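For reference, the structure is listed below as structure tokens.
The values are calculated or read from the model by the stated rules, or taken from the named source; none is laboratory data. Note that the structure is a prediction, hence the values are computed from the model and not measured. In this analysis, Cβ positions are derived from the backbone assuming ideal geometry, glycine residues included, and neighbour counts consider all displayed protein chains.
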Amino acid sequence: MSRLRILHVDSERTWRGGERQVLELMRRQRARGDEPHVAAPRGSALLSRASSEGLSAHAVPMRGTWDLGSVLALAGLHRSLRPDVVHWHAARAHALGAMAALASPGPARVLSRRVDFPVRGSLGSRALYGLRREATIAISDGVRDALVRSGLDPASIRVVRSGIDLSPYEAPFDRDAIRARLGTLPGDFLVLQVAALAPHKSQRDLLLAARIVLDRHPEALFWIAGEGMLRDELEEQHQALHLGDRVRLLGFRDDVPDLLRAADLFCVSSYLEGMGTSTLDAMAAGLPVVATNVGGIPEIVEERATGLLVPPRDPAALAEAVLALAGDPALRVTMGGRARERVRAFSADRTEEETRAVYVEAIRAVD
């Protein structure tokens, strides 16, 4: 199919994995010759980054699920841009976008679902998911299974796994110099997590695991890069566990590639996880992974090949897996090398190609 015009709708204001996926898609769509646009809240990280790269960005408030002004604004974009596809990327974006599509029908409607819990059973959610869509994209088999459990027709769901830009991790680097600049000592064993400070990421479990690890392996360091609603709570827990400077809440960081190059191990403590692009980044950087066996994670991390999988909400199991790899440098190197090979299957280029195939199928369904 010839050049496509796509309107992405994302209602999130912060920069997280979903917003990164939208921007990666838009970059590759433009490079292909398609015409991507994005509607997002004014002041949002996605709107700012897309605008700074010369991508077509439209500010829409999206103040709430029933924001009639935003519905009308999105309907107006349908009429002015005349997109072939409108692609919704978050829950509020879905609600507002679906109502806009009722007011101004025309484009094929595609929804991305990134979370691995069932759709809420409220009347509003059931009504929303009952509205017409040409396709629903699940970012992992785990997310697809959650949608099927929610009653969606399996035939309407397409699995398109998230992908990352692999190129930043292909250039050579001086690991020792990066570690020295970041302030680590030669004997430090650095465990890194990159995630929003949100309940489902379960950093409370990670802090409990860190206490267990440090009692037996005092050379360990735990760095958590990310910001979010749980910062105050986690800081209180950090103090109560007497973790000191061996465990650091780094806040939002824009030098994540260097943090990954400095680390010895990547750790995921989530009890819900649609997939996890930060885990893909870690694997691209050659890190073994200790992660919870939830959602789409086992589709990325191969048990005892690229990392170790443990039950969710089990700090002791998480700690034991970290300790196992801390004590086996050769296994870490082997797992890290396999991770670099494994992650090639999760490139952003492949994600864009498979997403476009969904678009073409959706457009034909409208026609």
Among the residues of the range 356-367, write down those that are surrounded by 15 or more Cβ atoms within 10 Å (Cβ to Cβ) and either farther than 23 Å from Gly18 by Cα or touching a helix residue (DSSP H, G or I) at 6+ places or on another chain (Cβ under 6 Å) (or both).
Ile363
Which ones in the range 206-232 are within 25 Å of Asp255 (Cα to Cα) and of a type outside the set (A, V, I, L, M)?
Glu219, Phe222, Trp223, Gly226, Glu227, Gly228, Arg231, Asp232
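Restricting attention to the range 21-30, does a residue exist that is within 24 Å of Ala127 (Cβ to Cβ) and under 22 Å from the mean Cα position of the chain (by Cα)?
Initial filter on the range 21-30 (within 24 Å of Ala127 (Cβ to Cβ)): none.
So far as the range 21-30 goes, no, none of its residues is within 24 Å of Ala127 (Cβ to Cβ) and under 22 Å from the mean Cα position of the chain (by Cα).
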Hits in the range 256-293 (condition: at pLDDT 95 or above, surrounded by fewer than 23 Cβ atoms within 10 Å (Cβ to Cβ) and in a loop (DSSP other than H, G, I, E, B))
Asp264, Tyr271, Gly286, Asn293
Flagged in the range 78-105 as over 27 Å from the mean Cα position of the chain (by Cα) and either crowded, with 21+ Cβ neighbours inside 10 Å or polar (S, T, N, Q) (or both), in numbering order, are Ser80, Ser104
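Look at Leu192 and say whether it is outside any helix (DSSP H, G or I), more than 28 Å from Asp84 (Cα to Cα) and modelled with pLDDT of 95 or more.
Values: outside any helix (DSSP H, G or I): yes; more than 28 Å from Asp84 (Cα to Cα): yes; modelled with pLDDT of 95 or more: yes.
Criteria met by Leu192.
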Within the range 44-61, the residues that are in a helix (DSSP H, G or I) and farther than 24 Å from Ser2 by Cα are Ala45, Leu46, Leu47, Ser48, Arg49, Ser51, Ser52
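What residue, of Gly274, Gly228, Gly286, is in contact with a Leu (Cβ under 7 Å, 6 or more places away or on another chain) and among the small types (Gly, Ala, Ser)? Before the answer, list the steps.
Values: Gly274 fails: in contact with a Leu (Cβ under 7 Å, 6 or more places away or on another chain); Gly286 fails: in contact with a Leu (Cβ under 7 Å, 6 or more places away or on another chain).
That would be Gly228, the only listed residue that is in contact with a Leu (Cβ under 7 Å, 6 or more places away or on another chain) and among the small types (Gly, Ala, Ser).
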Tell me which residues, restricted to the range 114-147, are in contact with a strand residue (DSSP E or B) (Cβ under 7 Å, 6 or more places away or on another chain), surrounded by 15 or more Cβ atoms within 10 Å (Cβ to Cβ) and farther than 15 Å from Gly276 by Cβ.
Arg133, Glu134, Ala135, Thr136, Ile137, Arg144, Leu147
If you check Ala177, Ala210, which single one turns out to be assigned by TED's automatic domain parsing to the domain that holds Arg253, in a helix (DSSP H, G or I) and surrounded by 15 or more Cβ atoms within 10 Å (Cβ to Cβ)?
Ala210
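Give the residue, chosen from Leu260, Leu241, that is of a type in the set (A, V, I, L, M), touching a residue at least 24 places away in the same chain (Cβ under 8 Å) and touching a Phe, Trp or Tyr at 6+ places or on another chain (Cβ under 8 Å). Working first, answer last.
Details: Leu241 fails: touching a Phe, Trp or Tyr at 6+ places or on another chain (Cβ under 8 Å).
From the options Leu260, Leu241, the qualifying one is Leu260.
One line per residue, one yes/no per condition, for (1) assigned by TED's automatic domain parsing to the domain that holds Glu303; (2) modelled with pLDDT under 95; (3) under 22 Å from Glu170 (Cα atoms):
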| site | (1), (2), (3) |
| --- | --- |
| Ala326 | yes, no, no |
| Gly336 | yes, no, yes |
| Arg342 | yes, no, yes |
| Glu352 | no, no, yes |
| Ala357 | no, no, no |
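What's the total number of residues in the range 137-168 that are in a loop (DSSP other than H, G, I, E, B) and of a type outside the set (A, V, I, L, M)? Step through it out loud before you land on a result.
The initial filter retains those residues of the range 137-168 that are in a loop (DSSP other than H, G, I, E, B), namely 139-140, 150-153, 160-163, 165-166.
In the following step, the residues that additionally are of a type outside the set (A, V, I, L, M) were identified as 140, 150-151, 153, 161-163, 165.
Number of matching residues: 8.
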Among what's in the range 28-41 and is crowded, with 17+ Cβ neighbours inside 10 Å and in contact (Cβ under 8 Å) with a residue 60 or more places away in the chain, pick the residue that is farthest from Ala225 (Cα to Cα).
Asp34
For the range 321-337, what are the residues that are crowded, with 18+ Cβ neighbours inside 10 Å and charged (D, E, K, R)?
Arg332
I need every pair where a residue in the range 301-318 that is free of Cβ contacts under 8 Å to residues at least 60 places away in the same chain and under 14 Å from Glu273 (Cβ atoms) has its Cβ under 6 Å from the Cβ of a residue that is outside any strand (DSSP E or B) and among the acidic types (Asp, Glu), sequence separation at least 6 or different chains.
none
